1. What ranking, highest mean first, results for peptides 47-56, 74-83 when packing means the other Cβ atoms within 10 Å averaged over each residue?
2. Taking the 0 to 90 degree range and rounding to the nearest ten, how far is the long axis of helix 49-73 tilted relative to the main principal axis of the chain, both from C-alpha atoms?
3. What's the Kirkwood radius of segment 1-47 in Å, using all Cα pairs?
4. Do you know the Lys pair count in segment 61-183 for C-alpha distances under 25 Å, with sequence separation 8 or more or different chains?
5. What whole-number distance in Å separates the alpha-carbon centres of segment 155-180 and segment 51-75?
6. Give me the three principal axis extents of the chain from the C-alpha atoms, as integers in angstrom, largest value leading.
7. Along the charge dipole of segment 61-183, Cβ charges K/R +1 and D/E -1, which of PHE153, ILE66, LEU120 sits furthest on the positive end?
8. Against the globular-protein guess of 2.2 N^0.38 Å, express the Cα radius of gyration of segment 64-158 as a ratio, rounded to two decimals.
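Taken together, the values in this text are just the output of simple stated rules run on the coordinates, not laboratory data. Source: prediction; values computed, not measured. Here Cβ is always computed from backbone atoms with ideal geometry, including for glycine, and neighbour counts include all displayed protein chains.
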Amino acid sequence: MSKLPARELILAKAGELFHLRGYGAVAIEEIIAATGLSGATFHQNFSSKSKLGCAWLERLTKRMSIMHQSFLDRPGDRDRRLRKYFYSMRSWLEANGYRSCQFANSAASISPDDEDIIYLIDQYKRAQHKFFVELAKTLVAEKDAQRIGTAIFLLYSGAMTEAQNLKATWPLEDALACAEDLCGVVARA
């Protein structure tokens, strides 16, 4: 049995299942079975699947926020910034069986009644958009950063979705080339 506290074990196993199959496709019973805990222990920690989903998304948001801030704190060479980010996400995508954005995948499989989850997904996507705008500010004139950062966000989001759909990295590579063109970055391999 795991040495993790029950709440952490539930979050870890649920996260694995949600990422692999999508939030909407996973039942509480499957999470309980994956943890080896009793149903009572599950319900002592999470009163519903929605509460668990919110805790999972909050944890993901925090991790991504830390990653994005670390990236902005140390962006590296101007002409390699976009490439560094897109390539790190390409590697993550390949390592995770082409399962793309956990927020987008969750949004595609939830009920309109899951308002708390919808809110968390929206807040994350807004933060991700802001990250690309902030990144654009390091590459283009401030007056152009909002527009270009938004374009990069949309290129990236679409490319991640298509990379998942096609089980291929070329959408990310093409989106990167377009983003570099928008920013006037000299592309280098």
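1. 47-56, 74-83
2. Value to nearest ten degrees: 30.
3. Numbers: mean 1/r = 0.0947 Å⁻¹.
It is 10.6 Å.
4. The result is 13.
5. 21
6. The Cα atoms of the chain stretch 57, 33, 30 Å along their principal axes.
7. Toward the positive end, the furthest listed residue is ILE66.
8. On the way: Rg = 14.4 Å, N = 95, 2.2 N^0.38 = 12.4 Å.
Taking N as the residue count of segment 64-158, the ratio is 1.16.
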